[in-house]
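First the structure, in the form of structure tokens, and then the observations on it.
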Amino acid sequence: MNVAVIDYGMGNLHSVVKSIEAVNDGRASIVLTSDPEAVLKADKVVFPGQGAMPDCMRELSEHGLAEAVIEATRNKPFFGICVGAQLLFDRSEEGDTPGLGLFAGVVRRFADGMSDAHGRLKVPHMGWNRVFQTRPHPLFAGIADGERFYFVHSYHFEPRDASLTLAESEYPERFSCIVGRDNIFATQFHTEKSHAAGLQMMKNFLAWDGTVQP
């Protein structure tokens, strides 16, 4: 099994690769690649991202990887991480940037001046936060509902279709933090920074055949 981690110059790429290697039982060959053909030939694809959405979209296009990403989402297990998840949507408020348009919806900035019972909340949202599963999914195997994952983001996605949301977090209101459909699974948080829970999720991805049972 070949797993391609897409390298378009934007993301915590080596940490992502190391996290996959940590849960690989030897069945997977893991490659960090900027070659569109390698992405198309891979059995599974991981699409990380970190930084500003306009920069990520520009680098993705300049590397000639946008079409390869779109094609990969059609027929193979696909895992988007952070900005790699945001890029799947129609548009981001960050620089009014068009996304890949695979999911209907907008990526919005957290509002300034938010607060909770403990006081004012900072943007970006940074740190450990609970993730509440809203629908069953094979990638949740061995992960408790309400488990904590690590977030670093100022923007969050708002899917137009509520059925895309697989899990939510709170800051301070509920927001969609995992989305998916068919063979696509994408998280706002960083699995590679989320210790045991993140590793379990990636282990589940390596075992996943890309189908979701009703």
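Just to check, using Stokes-Einstein with a Kirkwood Rh over alpha carbon pairs, what's the diffusion coefficient of segment 1-120 at 4 °C and 1.567 mPa s in µm²/s?
For these conditions, the coefficient is 86 µm²/s.
Computed from label points 7 Å out along Cα-Cβ, the spacing between L199 and S115 is 4.1 nm. Each of A144 and V31 was given a label point 7 Å from its Cα along the Cα-to-Cβ line. The distance between the two points is 4.0 nm.
Using the Cβ-Cβ distance between R174 and A104 with R0 = 22 Å, the FRET efficiency computed as 1/(1 + (r/R0)^6) comes to roughly 0.70. When each of the peptides 164-177, 30-43 is scored by the mean number of other C-beta atoms lying within 10 Å of its residues, the order from highest to lowest reads 164-177, 30-43.
The orientation-averaged projection of the convex hull spanning the C-alpha atoms of segment 128-214 amounts to 5.4 square nanometres.
Computed from label points 7 Å out along Cα-Cβ, the spacing between D90 and T134 is 1.7 nm. Solvent-accessible area per residue in the chain equals 45 Å², computed with a 1.4 angstrom probe and all protein chains kept.
When only the Cβ of Lys, Arg, Asp and Glu is charged (+1, +1, -1, -1), the dipole of segment 21-179 relative to its Cα centre reaches about 320 debye. Note on exposure: W208, W128 ranked by accessible area (1.4 Å probe, complete protein assembly) read W128, W208, with the most exposed listed first. What the Cα atoms of the chain give is an Rg and a Dmax of 16.0, 51 Å. Ellipsoid semi-axes for segment 87-168, based on the Cα gyration tensor and the rule √(5λ), read 22, 21, 10 Å when sorted largest first. Placing one equal scatterer on every Cα of segment 152-193 and applying the Debye formula, the log10 ratio I(q)/I(0) at q = 0.15, 0.21, 0.25 Å⁻¹ is -0.35, -0.67, -0.92.
The values are calculated or read from the model by the stated rules, or taken from the named source; none is laboratory data. Only a predicted model underlies this, so the values are computations on that prediction, with no experimental measurement involved. With ideal geometry, Cβ positions are generated from the backbone for all residues, glycine too; neighbour counts draw on all protein chains shown. The area values use the complete protein model at the heavy-atom level, side chains included, leaving out ligands, DNA and RNA. Shrake-Rupley method; radii C 1.70, N 1.55, O 1.52, S 1.80 Å.
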